[in-house]
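Let me begin by presenting the structure, written as structure tokens, before commenting on it.
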Amino acid sequence: MTERQLKTRPRNRVIVNKKIAPYLFLAPFALLFVAFLIVPLIYAADISLYKKAMVGGVKFVGADNYIKAFADPKFWEGIGVLFKFAFLQIPIMIGTALLFALILDSGVLWAKAFFRISFFIPYAVPAVIATLIWSYLYGPAYGPIGQTARLLGFEAPDFVSQEWILGSIVNIAQWQFMGYNMIIYFAALQAIPGDLEEASVVDGASAFTFATRIKLPMIVPTIIVTVVFSIIGSLQLFTEPFLIQNMARSVINSNFTPNIYAYNLTFVAQQPNYAAAISFLLGGVIAVVSYVFMLATNQRIDR
Amino acid sequence: MSIVGKNASSAKFRRNRWLLTGLLSLYFIYTFMPLFYVITAATKSNQDLFSTFGLWFAEDFSLWENLATLFTIQDGIFLKWMANTAYYSSVSAVGAALFSTLAGYAFAKYRFFGKKLMFALVLGAVMIPQTALVIPMFLMLSSMGLTNTSLAVILPSLVFPPGVFLMWAYIDDAISNELIEAGRMDGAGEVHIFSSIAFRMLMPGFATVLILAFVASWNNYFLPLVMLNKPDMFPITVGLAQLYSTAISGTGGVLLFTVVMTGALVSIVPVIAAFLIMQRFWQGGLGAGGVKA
């Protein structure tokens with residue numbers, strides 16, 4: 001069919017040659033990439049060097065906003081929350097995702113496809129809706145968790161208290177994203193050639209040893225990629241605490257995470273220049289953490 | 001293929017099967033519980049929501065009343081939010097998938113000046129936290145008078161670096177260089193080779209990126225929250241969140257509590273259905289990216 005089309009087309013139309021074609025294919029993406037990624041980056045870097053002057057307009061202040069941010073406990077408190085969150089959330093999520101992927105892959109299970117698909121479903125629920133549902137569930141008086149606890153004769157903790165808030169947010173992220181990671185690991189495990197399996201069965205390796213000693217190391221590159229994505233995702237924490245704020249004003253303040261801080265600086269405090277510096281610094285922190293993680297894991301693999 | 005079955009005694013295999021199926025069933029209850037709660041909550045009156053057990057239905061079935069309230073509240077604004085969401089997400093997803101495919105094709109099948117640098121930039125961009133860019137982007141667009149337009153939500157969503165990466169990986173495997181060479185021998189132009197030969201072969205990859213970009217856009221809260229302040233331009237995420245703050249601050253009355261859950265139910269059902277129907281695509285596609293990486 002293709003050949004016939006080729007022959008019936010007039011020969012004298014403009015034929016894009018091999019040299020120009022890649023640039024033509026790249027153009028739409030590149031244009032948007034520059035307009036909505038590179039330019040905002042430069043713009044942010046630029047305005048972060050200014051400050052609203054007392055009388056009219058803005059004035060150039062050099063690195064003042066960054067110096068201010070470095071000494072701003074509100075920024076560092078937010079970074080602290082992010083680190084606690086990431087250290088709690090990522091290992092639990094990756095750990096369960098790996099465990100379930102290995103179990104699914106081992107073939108012992110009943111209803112494999114059912115579990116695989118149902119665990120992935122929460123990924124289709126937007127963070128906003130997931131957070132709304134969980135805040136209803138967390139409700140002290142009317143939430144079913146509290147109700148069930150009372151039925152069993154004890155009092156459930158206040159899930160949005162100072163003490164529990166981070167765990168409660170970790171839980172929302174676990175619910176939403178475990179299945180996504182599990183699916184990726186499962187696909188990677190399934191891609192491992194079958195003859196390896198035959199060989200180790202002959203060796204009499206037990207299923208558990210086989211899964212942890214042979215299969216797991218083979219998907220380490222995949223694990224690293226997902227961890228990097230999780231680091232980037234969790235350090236941008238915004239939606240969940242921003243919404244839970246409605247029911248826990250005293251626990252989640254206006255600088256709970258750097259993103260919430262930048263949002264409030266822009267729209268409440270009217271300090272967009274300082275907000276740009278905060279956004280930029282957060283980006284820097286995320287880049288450094290992901291880079292350090294990749295460096296650290298690369299060395300491990302080489303050894 | 002089950003190694004345990006071949007290898008271990010069948011008693012041990014049976015015990016493991018029970019144990020592990022049990023473990024995953026527990027996690028299933030955890031996964032399913034919130035979804036079940038949305039269903040029960042959406043069928044209750046506001047009073048029953050607070051006075052009856054959360055994980056079961058109340059005696060009065062109020063789903064129809066709740067739906068009626070949901071679709072008539074503020075002159076039927078929920079329907080507008082649904083339409084906005086569908087519009088923003090579908091245009092963003094189709095555009096992002098198309099541009100990612102074109103760029104991925106260029107990276108996978110051509111050698112050209114600046115390729116390495118550009119590819120490194122795209123990979124680096126995957127690392128850039130999108131939300132760190134939202135506020136600068138807002139400041140930039142507001143100085144151009146572009147905030148509060150659908151473009152402010154759609155244009156930034158068209159840049160989807162993970163899509164380029166996925167398509168590069170997919171095309172590299174799925175389309176052989178010989179095929180493209182054969183097209184050239186026949187005298188076909190590069191654009192023609194892409195549109196009538198290559199594009200059909202990369203459809204599975206395209207579908208995966210389409211789904212991922214759709215989810216990313218439909219999930220997005222921070223970008224529309226920052227860019228839009230007219231309620232009739234909101235997507236569902238921003239609208240529902242606002243309805244919730246009204247409910248909880250008490251200004252809209254207790255009346256809104258079940259309506260928020262009804263809205264949640266109405267907005268997740270079609271997407272979950274779509275996921276179930278298209279599972280072949282995301283299961284294969286998500287894995288492909290992970291394995292290649």
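Each reported figure results from applying straightforward, stated rules to the coordinates on display, with no laboratory input. It should be emphasised that the depicted structure is a prediction, and the values quoted were computed from it without experimental measurement. Cβ atoms come from the backbone with ideal geometry, glycine included; neighbour counts cover every protein chain shown.
Distance between the modelled labels on A:K19 and A:V268, one decimal in nanometres: 5.9 nm (7 Å Cα→Cβ projection). Working from label points 7 Å from Cα in the Cα-to-Cβ sense, the A:S254 to B:S196 distance is 6.3 nm. Residues in the range A:21-26 carry Karplus couplings, in order, of 3, x, 5, 5, 5, 6 Hz; the curve used is 6.51 cos²θ - 1.76 cosθ + 1.60 with θ = phi - 60°, and Gly or Pro positions show x. Computed from the Cα positions only, the extents of the range A:25-111 along the three principal axes stand at 72, 46, 17 Å, in decreasing order.
How would you rank B:235-244, A:99-108, highest first, on the average number of other Cβ atoms within 10 Å across their residues?
With the highest mean Cβ count within 10 Å placed first, the list reads B:235-244, A:99-108.
Residues whose amide H lies under 5 Å from that of A:Y50, counting only those 5 or more places away or on a different chain, are A:V61; hydrogens are built 1.01 Å from N in the peptide plane. Within the P(r) computed for the range B:61-292, what percentage of the Cα pairs occupies the region above 28 Å? Within the range B:61-292, distances greater than 28 Å cover 43 percent of Cα pairs. Using a Gaussian network model of chain A in which every pair of alpha carbons under 10 angstrom is joined by a spring, one finds that among A:P272, A:P73, A:P122 the greatest mean-square fluctuation is at A:P73. Taking a span of 15 Å or more along the helix axis (Cα atoms) and a mean Kyte-Doolittle hydropathy of at least -0.5 as the rule, the DSSP H helices of chain B that qualify are B:10-42, B:63-109, B:115-127, B:130-143, B:161-174, B:203-219, B:236-249, B:256-277, B:279-292. Each helix, a run of at least 4 DSSP H residues, gives -39500 (n - 2.57); summed and divided by the residues of the protein assembly as shown, these come to -23000 deg cm²/dmol at 222 nm.
Considering all C-alpha pairs of the protein assembly as shown, those separated by over 35 Å amount to 45%. Pairs of lysine residues in chain A that meet both criteria, 8 or more places apart or on different chains and Cα atoms under 26 Å apart, total 12. If R0 is taken as 35 Å, the Cβ-Cβ distance between B:I272 and A:K74 corresponds to a FRET efficiency of 0.35.
Put simply, the amide H of A:V58, placed in the peptide plane, has neighbours under 5 Å in A:A53, leaving out anything fewer than 5 places away on its chain. Which whole-angstrom value gives the distance between the alpha carbon centres of the range A:56-122 and the range B:156-216? Centre-to-centre (Cα) distance: 31 Å. Legend: Rg and Dmax of the range A:65-302, from Cα coordinates, 21.1, 69 Å.
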